[in-house]
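Novice: Sharing a structure below in structure tokens format, with a few things to ask.
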Amino acid sequence: MTSHPKDFSDKLIDTIAGCEKVCNHIHLPVQAGSTRVLKAMNRGYTRDQYLSVVERIKKNIPGVSLTSDIIVGFPGEKEEDFQNTLDLIRQVRFDSAYTFMYSTRRGTRAASLEDPVPPEVKRERLDRLMEVQNEISLELNQEYVGRTVEVLLENRSQKRDGRIFYSGRTCTNKIVSVENAENKDLLGRFVQVQISEAKTWSLEGRLV
């Protein structure tokens, strides 16, 4: 689920933790790791407040996966602000993040701000951010290798050599690909999968 960080209450955390029908995955957009930039974005929370929410989530929902949205190059963003964002990513260790370069959107408060961050600087910062996040994503996925997890199979595909594969998601929203050697109809079913390989954005395994 997605929620605005300023609205993510302790009651909501407790509700998610206590409800078996809610998956252990939370999308919590931070947008930036600098309080100064967050204020300019009119986000309604500080860096420390965001980190406090993350700390409470991780404490009360064991094994939770966290994803986020992050923007680089917001008007007035300095290198120090960007470094604060990198530091926050390393501290939180998001499972993955949607990352963007800032661009003007008509009708928003930011549209009236001057945009002094050159395009080449935005691109360079985005590349650096993605490098850090991709490394973390791979490390977290590698922790799944050897584990057996429950997967809801959502898609079916057939290779040119005739082999059948299914893909689905874990309760932490990890995408898992698994070969169906027995060619059973498993679409829409929950299955147990032993993870054998980790990639940056997905996992691979075998049915058990």
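The values are calculated or read from the model by the stated rules, or taken from the named source; none is laboratory data. Model, not experiment: these values are computed from the prediction. When we count neighbours, we look across all protein chains shown, and the Cβ atoms used for this are built from the backbone with ideal geometry, even at glycine.
Novice: Can you tell me how many residues in segment 1-22 are in a loop (DSSP other than H, G, I, E, B), hydrophobic (A, V, I, L, M, F, W, C) and in contact with a helix residue (DSSP H, G or I) (Cβ under 9 Å, 6 or more places away or on another chain)?
Specialist: The number of residues fulfilling the criteria is 3.
Novice: Name the pairs whose Cβ atoms lie under 9 Å apart, with the first residue in segment 3-21 and touching a residue at least 24 places away in the same chain (Cβ under 8 Å), the second loosely packed, with under 10 Cβ neighbours inside 10 Å and of a type outside the set (Gly, Ala, Ser), and 6 or more positions between them or separate chains?
Specialist: What qualifies is Ala17/Pro62.
Novice: Output the number of residues of segment 26-59 satisfying the condition of being within 30 Å of Arg169 (Cα to Cα) and either in a helix (DSSP H, G or I) or at pLDDT below 95 (or both).
Specialist: 10
Novice: For segment 71-122, how many residues are β-branched (Val, Ile, Thr) and either touching a strand residue (DSSP E or B) at 6+ places or on another chain (Cβ under 6 Å) or under 30 Å from Ile175 (Cβ atoms) (or both)?
Specialist: So the answer is 6.
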